[in-house]
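For reference, the structure is listed below as structure tokens.
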Amino acid sequence: MKSAKALIGAAILATLANAPAFAQDALKIAIGQINNWENQPPTLGQDAGIFAKQNLKVEAVGTAGAGETIQAVISGSADLGAGVGVAGAMRAFAKGAPVRVLLPAFTGTGDLYWYVKADSPIKSVKDITDKNTIAYSTNGSSTNNLVLAFGQELGVKAKPTATGGQPGTLTSVMSGQIDIGWAAPPFGVKEIKDGKIRIVLRGSDVPSLKGQTVRAIIVNADALKNKKDAIMRFVKAYRESVDWMYSDPKAVSMYAQKIKSDEGLLKESIAEFHPKETMQSDKMADLDGAVADAVKLKFLEAPLTKEQLVEFLQIPPR
């Protein structure tokens, strides 16, 4: 009897040893400005093993901005999108696109700034004329939203021009192709300290957007339906990743190595431009204001109805 039990036990162990491990569920996320700190939860969290704890493997692909990100989600080539301006997502949804907000990603606009070359004749907003050009990343982005708001709320008359990502924008400014470039720290902080560029506008200069959730994580509606369990686990891992990024010094070290930047400079930048409260993912702050601004800035022809907002916002409770 003992010999039989031993043989059965050995057979079970052999079967378990040879059985394949459960494959991780894969999700693909498109990220505009993939190296920005606020867009790091999916990538740093993946590197730290936080998504693996939820049996997930997240494949992150960078885009030039929210316009490209939204198109990737609409087409289904990405399940999720990060760094997407809320107004742009509303516009896509209102036109019938299969786009939903899964999580708030950034509240406020203090992380974005607009700059000129050090020798530019533009010293302040008063010096900007309709002969100047001002950059934003892509249509539907929060930088697009802010540039339009600069015109309506601050009287900035410069011609809005899509320039894509931050490195290309800086090249365009330094070569004289664009008068006023855009950036988000830590990008450009070294150039500011070295006196190569000067800030002339900040996102926080626009009164109406200061307390709004301006960027979100979006999800393809079909993916949300067909991969709901995996996407709910993504939400848990995302939120845990944000908490980890602000509690473990290792996160900043990993980030510094990843983007090949000075760790001390990054710590200063995060403290000034990205306090943890800006990355809350529980509620859309000043939603009424966001809808009103989307109409005012012509992202929407009419405000979204209550029924539309219920469908548009798919934010799971914590």
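Tell me, yes or no, whether the range 97-115 has at least one residue that is farther than 28 Å from E272 by Cα and of a type in the set (D, E, K, R). Full working, then the answer.
Taking the range 97-115 and keeping what is farther than 28 Å from E272 by Cα, we get 97-100.
Among the residues that remain, those that are also of a type in the set (D, E, K, R) are: 100.
Yes, that holds for at least one residue.
Could you tell me which residue of the range 257-281 is surrounded by the most Cβ atoms within 10 Å (Cβ to Cβ), considering only residues that are within 16 Å of the chain's Cα centre (by Cα) and under 21 Å from A183 (Cβ atoms)? Let's see the steps before the verdict.
Kept after step one, since they are within 16 Å of the chain's Cα centre (by Cα), are these residues of the range 257-281: 270, 273-281.
From what is left, the residues that are under 21 Å from A183 (Cβ atoms) are 270, 273-275, 278-279.
Working: I270: 21, F273: 22, H274: 24, P275: 13, T278: 20, M279: 22.
Across the range 257-281, the extreme among qualifying residues is H274.
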* To do: Would you kindly identify the helices (runs of 4 or more DSSP H) lying entirely within the range 1-86 that contain at least 3 residues that are of a type in the set (A, V, I, L, M, F, W, C) and at pLDDT 95 or above?
  => 66-75
* If you check V219 against the conditions, is it in the same structural domain as A60 (by the TED database), of a type outside the set (S, T, Y), touching a helix residue (DSSP H, G or I) at 6+ places or on another chain (Cβ under 8 Å) and closer than 22 Å to G65 by Cα? -> yes
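Just one of M254, M284 is open to solvent by 20 Å² or more (accessible area, probe 1.4 Å), assigned to a helix (DSSP H, G or I) and assigned by the TED database to the domain that holds I34; which is it?
On the way: M284 fails: assigned to a helix (DSSP H, G or I).
Just one listed residue meets the conditions, M254.
Checking the structure you have, find out if any residue of the range 191-198 is in a loop (DSSP other than H, G, I, E, B) and closer than 30 Å to V235 by Cβ.
Of the residues in the range 191-198, the ones in a loop (DSSP other than H, G, I, E, B) are 194-196.
Right, trim to closer than 30 Å to V235 by Cβ and you get none.
No: zero hits.
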* Structure fact -> Note on the range 287-318: residues among the polar types (S, T, N, Q) and without any contact (Cβ under 8 Å) to a residue 40 or more places away in the chain are T305
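Yes/no per residue for (1) surrounded by fewer than 16 Cβ atoms within 10 Å (Cβ to Cβ); (2) within 16 Å of H274 (Cβ to Cβ); (3) at pLDDT 95 or above:
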position: T161; (1), (2), (3): no, no, yes
position: Q166; (1), (2), (3): no, yes, no
position: T169; (1), (2), (3): no, no, yes
position: M174; (1), (2), (3): yes, no, yes
position: K190; (1), (2), (3): yes, no, no
position: L201; (1), (2), (3): no, no, yes
position: V214; (1), (2), (3): no, yes, no
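Collect the residues in the range 218-247 that are small (G, A, S) and in a helix (DSSP H, G or I), keeping them in residue-number order. Break it down into steps so the answer makes sense when it comes.
Filtering the range 218-247 for residues small (G, A, S) gives 221, 223, 230, 237, 241, 247.
Across the range 218-247, the qualifying residues are A221, A223, A230, A237, S241.
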* Among the residues of the range 192-207, is there at least one that is assigned by the TED database to the domain that holds F51 and of a type in the set (G, A, S)? -> no
* In this structure, is S172 in contact with a Leu (Cβ under 8 Å, 6 or more places away or on another chain), small (G, A, S) and part of a helix (DSSP H, G or I)? -> no
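Which of the residues that make up the range 102-126 are touching a residue at least 12 places away in the same chain (Cβ under 8 Å), more than 30 Å from K283 (Cα to Cα) and not in a strand (DSSP E or B)? Don't jump to the end; show me each part of the working.
Taking the range 102-126 first, the residues touching a residue at least 12 places away in the same chain (Cβ under 8 Å) are 102-118, 120, 122-125.
Right, trim to more than 30 Å from K283 (Cα to Cα) and you get 115-118, 120, 122-125.
If the condition is that a residue be touching a residue at least 12 places away in the same chain (Cβ under 8 Å), more than 30 Å from K283 (Cα to Cα) and not in a strand (DSSP E or B), then A118, S120, I122, K123, S124, V125 are the ones that fit.
The values are calculated or read from the model by the stated rules, or taken from the named source; none is laboratory data. Computed from a predicted model, the values in this text were never measured in an experiment. Every residue, glycine as well, gets a Cβ built from its backbone with ideal geometry; the counts of neighbours run over all protein chains shown. The area values use the complete protein model at the heavy-atom level, side chains included, leaving out ligands, DNA and RNA. Shrake-Rupley method; radii C 1.70, N 1.55, O 1.52, S 1.80 Å.
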